[in-house]
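The values are calculated or read from the model by the stated rules, or taken from the named source; none is laboratory data. Since this is a predicted model, take the numbers as computed values, not measurements. Please note: Cβ atoms are built from the backbone with ideal geometry, for glycine as well, and neighbour counts cover all protein chains shown. Quick note on the areas: whole protein, heavy atoms, side chains included, nothing else; ligands and nucleic acids left out. Shrake-Rupley method; radii C 1.70, N 1.55, O 1.52, S 1.80 Å.
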Amino acid sequence: DKGNHRHFMEKEIHEQPEVVSHALAHYVDLGNHTVDPAATGLIDFSSLRGLAISACGTAYLSGLIGKYWFERYARLPVEIDVASEFRYREIPLSADQAALFISQSGETADTLASLRYCREAGLKIGAVVNVKESTIARESDAIFPILAGPEIGVASTKAFTCQLTVLASLAIAAGRARGTISEAEEKQLIKSLAEMPRLMNAVLNTIEPQIEALARELSRYKDVLYLGRGTSYPLAMEGALKLKEISYIHAEGYAAGELKHGPIALIDENMPVIVIAPHDRFFEKTVSNMQEVAARGGKIIFVTDEKGAAASKLPTMATITLPNVAEIVSPMIYSLPIQLLAYHTAVFMGTDVDQPRNLAKSVTVE
Ligand code: M6R
């Protein structure tokens, strides 16, 4: 049932404040601002030498953001790859590592094959899944449900932000278990995560008219480039994936710093560049990349926050201004304009948003 929404995708985008709050309530104690040991402690992170993560598509991109968090907060080295590569790479693995497999459906063939490969190697297996009765869940030692509720649209939206919520909670738990973050830091991070539902609602209630107008314009282009640094880099790839899969506009996501190593040759007035740049420790660097785009006549769609919008004087095709948010929640909050832009562009193009051509919700072939 789509309720009063035109598509499941639209409904699922708007469900995010509610579902992320369910996911969060499962993994953290919102009264004391601590992680919940029962939910997060199914893997003993304290003595791990490393963590392997594998997944496909959007689930892989949530894992890539998770890597930044596990490495930063838990000082835990993360080996991550798309499942179709991971399983064949002959990665040296050992029983003092654990592995996480991220999958909305829990049935993705390559992700399941990677899981079996890691089991063979003696790793402890965790499944970050939406469907708790799925094959990936059944074959795991520990199930970390994302609690997103059924996701019908082929383009993954609420599963992505719920995966991020779970991974952020696990990274904080791992940081505490390994003594790499203090109790005070844990409280601060969880307080920031607790702000998510309110911030998501605020964003969803304000940016849609601007995004719709922008989507109308974007639907006239054939190629779009997304740039970001830090956790905004996987988000740039997620933005490109979302746009291409439902609007069929060619899009690429790049690390902002890679611009001058190739993609800058493509910059002209026919390829809008979407720059994802919260005012974080990477902001100045990303703005200097944006400068390079502007100097070559590139059209910029600047996705930033109030501080960022005030700090940059570069001309843009549009500036989407989000509230200033803590670094750990920015990937979840910045997902919203990224998803809505892809959604409204596809609606303008008249594509089958919930069931794009050639795609299946669950990819059970290799
Ligand atoms: O069910 P899974 O999370 O394992 O699916 C993985 C990918 O097939 C999936 O995320 C796909 O990339 C989406 N259509 C992206 O929106």
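I'm trying to understand the selection: among the residues of segment 103-133, which are of a type in the set (Val, Ile, Thr) and within 20 Å of residue 85 (Cβ to Cβ)?
Within segment 103-133, 108, 111, 125, 128 meet the criteria.
Taking the stated definitions as given, is residue 325 in a strand (DSSP E or B) and at pLDDT 95 or above?
Numbers: in a strand (DSSP E or B): no; at pLDDT 95 or above: yes.
No, not satisfied.
Please count how many residues of segment 326-360 are within 12 Å of the ligand (Cβ to nearest atom) and over 22 Å from residue 236 (Cα atoms).
Going through segment 326-360 one residue at a time, the tally reaches 3.
How about segment 212-237: which of its residues are aliphatic (A, V, I, L, M) and part of a strand (DSSP E or B)? Show your work before the answer.
Going through segment 212-237, the residues aliphatic (A, V, I, L, M) turn out to be 213-215, 218, 224-225, 227, 235-237.
Hits for segment 212-237 are 224, 225, 227.
Can you tell me which residues in segment 289-346 are over 18 Å from the mean Cα position of the chain (by Cα) and β-branched (Val, Ile, Thr)?
293, 300, 301, 316, 319, 320, 321, 345
Got at least one residue in segment 266-283 being free of Cβ contacts under 8 Å to residues at least 12 places away in the same chain, over 20 Å from residue 338 (Cα atoms) and open to solvent by 20 Å² or more (accessible area, probe 1.4 Å)? Walk me through how you get there before you give the answer.
Within segment 266-283, the subset free of Cβ contacts under 8 Å to residues at least 12 places away in the same chain is none.
There is no residue in segment 266-283 that is free of Cβ contacts under 8 Å to residues at least 12 places away in the same chain, over 20 Å from residue 338 (Cα atoms) and open to solvent by 20 Å² or more (accessible area, probe 1.4 Å).
I need the full set of residues from segment 104-156 which are among the acidic types (Asp, Glu) and touching a residue at least 60 places away in the same chain (Cβ under 8 Å), in order please.
Pass one, segment 104-156, residues among the acidic types (Asp, Glu): 107, 110, 120, 133, 139, 141, 151.
Hits for segment 104-156 are 107, 110, 141, 151.
Quick test of your reading of the structure: residue 16 fulfils all but one of (1) within 16 Å of the ligand (Cβ to nearest atom); (2) open to solvent by less than 20 Å² (accessible area, probe 1.4 Å); (3) over 30 Å from residue 113 (Cβ atoms); (4) in contact with an Asp or Glu (Cβ under 7 Å, 6 or more places away or on another chain). Name the failing condition by number.
Evaluating residue 16 over (1) within 16 Å of the ligand (Cβ to nearest atom); (2) open to solvent by less than 20 Å² (accessible area, probe 1.4 Å); (3) over 30 Å from residue 113 (Cβ atoms); (4) in contact with an Asp or Glu (Cβ under 7 Å, 6 or more places away or on another chain) leaves (4) as the failure.
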